[in-house]
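Here the structure is laid out as structure tokens; the discussion comes afterwards.
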Amino acid sequence: MTRKRRRLYMLGAGVAVLAVATTLVLLAFRENLVFFYSPTDIVEKGVAPNQRIRIGGLVEADSVKRDGLTTEFRVTDTANTLRVVYTGLLPDLFREGQGVVAHGKLDSGGQFVADEILAKHDENYMPPEVASALKKQDHWKPGEGQKQ
Amino acid sequence: MTAELGHFALVLALAVALVQSTLPLVGAWTGNVAWMALGRTAALAQAALALIAFAMLTVAFVGSDFSVVNVAQNSHSLKPMLYKVAGVWGNHEGSLLLWVTILALFGAAVAVFGGNLPMSLRARILSVQGMIGIGFLLFILLTSNPFLRLDPAPVDGNGLNPLLQDPGLAFHPPLLYLGYVGLSVAFSFAVAALIEGRVDPAWARWVRPWTLVAWCFLTLGIALGSYWAYYELGWGGWWFWDPVENASFMPWLAATALLHSAIVAEKRDALKSWTILLAIIAFSLSLLGTFLVRSGVLTSVHAFATDPARGVFILIFLCLVVGGSLALYSFRAGELKAGGLFAPMSREGALVLNNLLLATATGSVLLGTLYPLFLDAITAEKVSVGPPFFNAVFVPLMTPLVVAMAVGPLLAWKRGDLAGALQRLKFAFAAAAIAVLAGWWWLADGPVLALLGLGLFAWVTVGVIVEWAERVGLGRVALRDSLNRALNLPRAAYGMSLAHLGIALTVLGITASSAWQREVLTILKPGDKVDVGSYTLTFEGARQMRGPNYTALQGSFAVAKGGQHLYVLQPETRRFPQPPMDTTEAAIESTLAGDLYVVIGEPDGKGGYAARLYWKPLVIWIWLGAVAMAAGGVVSLTDRRHRVGAPSRQRAQAAAAPAE
């Protein structure tokens, strides 16, 4: 086998693997990219029910209601609010007034059914999406939401 | 005084690094032996100075010297001693100091153990190490100085994030950094070889043990981090395809590819420029990982409070290192002579396939990790790329890799016999078929992918045994001779077998724990019973209790199997006063057959408590597999081959022990 031919084979194999990988990536992207919406985005842009999205904002004060394993609360970006319902154990850092990010879908009644509430390691941490959503409403200062 | 001494040592280390990065390089170019030899002295001096700085910060933490900002922000006088020490690297500044210290130690190790390297190559390697050192020392001194003073000093410190007060996490960063920074040696070897314009099998033989060391640490570091997430975060998950996890996984994938391509470079003098490129990529990914973690540009469950200004510095440094080394590569790689020829179906061919798949996997993880950043920068749209994406891309890429893992070692160098190899793997075929059928028969409720996982596990396990049996001639020669051969097999062969078995075990653990997990989420009142897997748990109630620096709600679950009482599990939720934070402490009963995992949540106000209970079959094998991989690396490191041409002291030892 000549050097040229070997190079050709290797190039061919490389291109084939890359092609497969690109296909996989594109297919996976199409189905698994999850977009982030703030409560205001949902009001303004409108999101179809049953589409997997992420939402985020601050947990509104005095909005958390628990019934067994189901928790209902409102998420606000200070301009608009969104009702969220979640069944399961809440992460340790879930508090009223704190930033929160949730994965799930909107139901037909405009309520967000979350299947995952994100926890953070650090109480000083503000999810960047939430920070930027709040910034858009001109209400966010660095450090806000940390102290109760 | 200690802080000033540490600060001073860092400035001196920077001065030494400046010398180390220039004079030996010039010496190697002009043939000035004294300047080349300076590299060794400078590397040792830099290691000593970095150690002094690190020791000074440790002293400040251990002695709770709150006049140092870093200590005041991250420590507390009531903290247990282990976490006072771990607190040294439990924060941004300290972890960078740890990074620099490890970097300097690796440089010193090259200086000490690199006695068998050609003088000019060693001088160049140490110079490149010195350049990396300059970057990080500047970063520390300009943006992240851990020795800044605070006046007036507070009475007590802010404390360490309670989640980080855990033995697993105390040792996770040092291990991970030993891996990240260890790859800098492979990088320096690569750049030095490019400057020299020469790569030969000897080069590959020198670079391999260093990569192996880094790879072992990286493997253990990732496994430890994953295990920590499993038992500490209380979600029962062990890998989330989180950016910070990906940041450590990408260098691991690249280093794994490098380990395999270096074999080809060493044995067959082929794939040389590709091996160089991989060494550059592996370390660049380590730097990228540091950038992603330290700059806070990505949303991550692991994100700590971060500072964007620091991100800019690392980004510039990253561009310099990656851009500089790749420019050098494009300039010089053409001059590297292509080596031995081989047919596509050969050991080399199998290793090329390994590299292709690992490199593609690395690329797709990189894409998935950075895509949200790009999209945000271009369209200001916020997206997340979650586990479904990575699973959809990663599993199809890794499956052929694991299939080929059993075949590759059976192929001969240069021109292999695929039909013959497959024929010899008939037992592995049979085992895989039996595993799939058994899985289908016994555990029909799992997804189809789980059957694939079981099949791969059996295929690789039996494949490794077949390969070993081939090597020792089991059944072909007398048993006695086989035994003799087994004893005389190179350690590297055992290392490979062990590491490949580790992969098989990890695949088994992942498959079983995700496909046949049992999960119960419920509200329990004292006296309630709940079945999880084949166990029955009785909730005996919950009580408030007090720990050394926290208060806790502790639940008690009596576990029984077949009516027989076994043990009591006591999960907690802890409330730390300083810094204020709650953590979940899952109660886990780990056995080789599976883990019982219990989490207690908040009271519902009507006498009940939320609880989440899991049965996770074979989950422990995920990490035992990783330990086996790292052990394989260590066994391979002890191979005699790596000591060939080593300093005479070691040769004398080998002569004194003729049994070896």
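The values are calculated or read from the model by the stated rules, or taken from the named source; none is laboratory data. As the structure is a computational prediction, the values presented were derived from the model and not from experiment. Because the Cβ atoms are built from the backbone with ideal geometry, glycine has one as well, and the counts that use them run over all protein chains shown.
Quick look at the values:
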{"quantity": "Qualifying residue in segment B:364-381 (condition: within 21 Å of B:V264 (Cβ to Cβ) and within 14 Å of chain A (Cβ to nearest Cβ))", "calculated": "no"}
{"quantity": "Checking B:S590 against (1) over 25 Å from the mean Cα position of the chain (by Cα); (2) within 30 Å of B:P526 (Cβ to Cβ), the condition it does not meet", "calculated": "(1)"}
{"quantity": "Looking only at segment B:504-515, and only at residues there that are modelled with pLDDT of 90 or more and out of contact with any Ser or Thr (no Cβ under 9 Å at 6 or more places or on another chain), the one that is farthest from B:L401 (Cα to Cα)", "calculated": "B:S513"}
{"quantity": "Residues (outside any helix (DSSP H, G or I), at negative phi and modelled with pLDDT of 75 or more) located in segment B:255-310", "calculated": "B:A270"}
{"quantity": "Which listed residue is more than 14 Å from chain A (Cβ to nearest Cβ), within 34 Å of the chain's Cα centre (by Cα) and over 30 Å from B:A469 (Cα atoms), from B:Q517, B:Q544", "calculated": "B:Q517"}
{"quantity": "Criterion (part of a helix (DSSP H, G or I) and touching a strand residue (DSSP E or B) at 6+ places or on another chain (Cβ under 9 Å)) met by exactly one of B:A504, B:A512", "calculated": "B:A512"}
{"quantity": "Filtered residues of segment B:71-85 (kept if over 27 Å from the mean Cα position of the chain (by Cα) and in a helix (DSSP H, G or I))", "calculated": "B:V71, B:A72, B:Q73"}
{"quantity": "Residue list for segment A:31-41, restricted to those being more than 13 Å from the chain's Cα centre (by Cα) and more than 10 Å from every other protein chain (Cβ to nearest Cβ)", "calculated": "A:T40"}
{"quantity": "Selection count where residues are within 26 Å of B:V16 (Cα to Cα) and hydroxyl-bearing (S, T, Y), scope segment B:48-97", "calculated": "2"}
{"quantity": "Test: residue in segment B:154-167 that is in contact (Cβ under 8 Å) with a residue 24 or more places away in the chain, buried (at least 24 other Cβ atoms within 10 Å of the Cβ) and β-branched (V, I, T)", "calculated": "no"}
{"quantity": "Number of the exception - B:S64 against (1) assigned to a helix (DSSP H, G or I); (2) within 21 Å of B:P154 (Cα to Cα); (3) not aromatic (F, W, Y)", "calculated": "(1)"}
{"quantity": "Search result, residues across segment A:71-96 that are within 14 Å of chain B (Cβ to nearest Cβ) and of a type in the set (K, R)", "calculated": "A:R95"}
{"quantity": "Of all residues making up segment B:431-484, the number that are free of Cβ contacts under 8 Å to residues at least 12 places away in the same chain and over 25 Å from B:M629 (Cβ atoms)", "calculated": "16"}
{"quantity": "Of the criteria (1) of a type outside the set (G, A, S); (2) surrounded by fewer than 15 Cβ atoms within 10 Å (Cβ to Cβ); (3) closer than 30 Å to B:P409 by Cβ, which one B:E519 fails", "calculated": "(3)"}
{"quantity": "Evaluation of B:I523 against (1) under 27 Å from B:V627 (Cβ atoms); (2) at pLDDT 90 or above; (3) not acidic (D, E) (one fails), failing number", "calculated": "(1)"}
{"quantity": "Odd one out for B:L498, checked against (1) under 32 Å from the mean Cα position of the chain (by Cα); (2) crowded, with 22+ Cβ neighbours inside 10 Å", "calculated": "(2)"}
{"quantity": "All positions within segment B:86-125 that are polar (S, T, N, Q) and in a helix (DSSP H, G or I)", "calculated": "B:S95, B:T101, B:N116, B:S120"}
{"quantity": "Test: A:V25 is away from chain B (no Cβ under 11 Å) and farther than 25 Å from B:L521 by Cβ", "calculated": "no"}
{"quantity": "Segment A:42-70 - residue that is within 14 Å of chain B (Cβ to nearest Cβ) and in a loop (DSSP other than H, G, I, E, B) and, of those, nearest to the chain's Cα centre (by Cα)", "calculated": "A:R52"}
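To keep it simple, each residue is scored yes or no on (1) of a type in the set (A, V, I, L, M, F, W, C); (2) under 30 Å from the mean Cα position of the chain (by Cα); (3) surrounded by 16 or more Cβ atoms within 10 Å (Cβ to Cβ).
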position	(1), (2), (3)
B:V19	yes, no, yes
B:L23	yes, no, yes
B:A28	yes, no, yes
B:R40	no, yes, yes
B:A45	yes, yes, yes
B:M56	yes, yes, yes
B:D65	no, no, yes
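This table checks each residue for (1) assigned to a strand (DSSP E or B); (2) more than 14 Å from chain A (Cβ to nearest Cβ).
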site	(1), (2)
B:V568	yes, yes
B:R575	yes, no
B:T584	yes, no
B:Y597	yes, no
B:G605	no, no
B:R612	yes, no
B:K616	yes, yes
B:A631	no, yes
